[in-house]
Each structure stands twice: as C-alpha cells, then as structure tokens.
1. Below 8 Å between Cα atoms, with a sequence gap of 6+, how large is the relative contact order for the chain in percent?
2. Given q = 0.19 Å⁻¹, what are the Debye log10 I(q)/I(0) values for the chain, with equal point scatterers placed on the Cα positions and solvent ignored?
3. For an R0 of 22 angstrom, estimate the FRET efficiency from the Cβ-Cβ distance between Thr20 and Leu75 and round to the nearest 0.05.
4. At 0.36 nm per residue, minus the direct Cα-Cα distance, what do Leu65 and Ile104 gain on full extension? Give it in nm, one decimal, please.
5. Taking only Cα atoms, what is the 0 to 90° angle, nearest 10, from helix 64-87's long axis to the longest principal axis of the chain?
6. For the chain, find the longest principal axis of its Cα atoms and tell me its angle to the long axis of helix 95-122, 0 to 90°, nearest 10.
Amino acid sequence: MKIERIHLTLGLVWLLAGMTLGQIMGESGDHGQLPTHAHIMLVGGVLSILWAILYRAFAFRQGVLAWIQTLAHHLGAAGMVYSLFNMYGGGQPNMALFGPMIGISGLLVMISVLLILIQSFLNRN
Ligand code: HEM
Ligand code: HEM
C-alpha cells in the first residue's frame, strides 16, 4: 500500500474518532476532554491528511524514511491521545507514567515532522 493512502485512511479514522469524542462532550456537557479531542482532530486527523497530500503533491520517496515517518507520526499521535485521555479523564492520573509517555509521544510527532522536512529537501521538484 502507498504511504499516502495509509496516511489518508488513518487520518480519516482519526477524524471520525475525534468527532465521536466531540459528540460525547457536546451531549454530556462535560468538555473535560477538550485537549484530547483537539489533538485527535489536529495531530491525528488534519496532519495525517496533510502528510497524504504532501506525499502525493511533491512525490516524496516511498522508502524506509517514509515508513519510519508514518510509524513515528501515528504511534506518536496514539501515545499522545492515550496519555491525554487518561490525564483529563478525572480522578488521579498516574503522572509517573503519563508524563513521560506524553513527552516521548510528542517527540515521535516532532521526529515525523523533521522527516517530512528531510523528504522535502530530497525531492526539490
Ligand atoms: C462532530 C464534530 C465535532 C464536535 C461534536 C465537536 C465538539 C467539540 C466540543 C464540545 C468542544 C469543546 C468546546 C469548549 O469547551 O470550548 C470542541 C473543541 C475543539 N474542537 Fe471540536 N468538535 C467537532 C469537530 C471538530 C473538528 C472538525 C475540528 C478540527 C479539525 C475540531 C477541533 C476542535 C478544537 C481545536 C477544539 C479546542 C478549541 C479550544 O482550544 O478552545 N473539532 N469540539
Ligand atoms: C509535540 C507535540 C505536542 C505536544 C507535547 C502538545 C502539548 C499541548 C499541551 C500541553 C496543551 C495544553 C493543554 C491544556 O489546555 O491543558 C496543548 C494545547 C493545544 N494543542 Fe498541542 N501539543 C503538541 C502538538 C500539537 C499539534 C501538532 C497541534 C496542531 C496541529 C496542536 C494543537 C493544540 C491546540 C489547538 C491546543 C489548544 C486546545 C487545548 O487547550 O487543548 N498541538 N498542546
């Protein structure tokens, strides 16, 4: 499967998941998960679909770099969302676990952005 198709499909799934959480927030009147919703929509959904468009528009290479970028982005997004969901779920979150987890997940998302920058330099067309 082409990298851009993976980003597009997962991005649309992220959007549906985030909108479902948005609906639950709206119906319950409890907006406590706003940070989780915002990052599902923007990091999971919008950025993934942007990556799909960039891979297609600039004919980015589909090799090892692209696979690492895809893995870093979606694992990072999932780690961020899982941590945020637990941190904003009420109660006493285990910050010894979710603190470092969100840090590492954020780093993965940043690595994915760096790899997109490298791809853009590799394909100067
Ligand atoms: C089914 C569709 C959606 C529903 C039901 C929904 C619901 C919500 C709710 C209830 C809030 C909390 C508002 C507040 O407490 O201030 C919120 C915030 C937010 N939503 Fe959505 N949303 C939807 C779609 C979207 C989409 C498509 C995006 C972006 C692509 C998005 C991005 C955001 C962001 C960034 C915030 C945080 C805004 C802030 O920081 O104040 N949402 N949404
Ligand atoms: C390295 C990755 C990232 C980290 C560690 C991170 C962390 C955070 C934190 C700590 C907040 C404040 C949450 C609060 O209100 O308590 C926040 C808010 C926000 N972030 Fe991020 N973020 C990251 C990436 C992004 C990206 C890539 C986007 C958009 C594409 C984004 C969009 C937002 C928005 C719209 C808010 C305001 C909504 C809210 O209050 O939750 N973030 N982020």
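1. 29
2. Ignoring solvent entirely, the Cα scatterers give -0.98.
3. That gives a FRET efficiency of 0.55.
4. Fully extending the segment from Leu65 to Ile104 adds 12.1 nm.
5. Result, in degrees: 10.
6. 20
Any read-out appearing in this document is the output of simple, stated calculations on the displayed coordinates, not a laboratory observation. Fair warning: this is a prediction, and the values are worked out from it, not measured in the lab. Note that we place each Cβ from the backbone using ideal geometry, even for glycine, and neighbour counts take in every protein chain shown.
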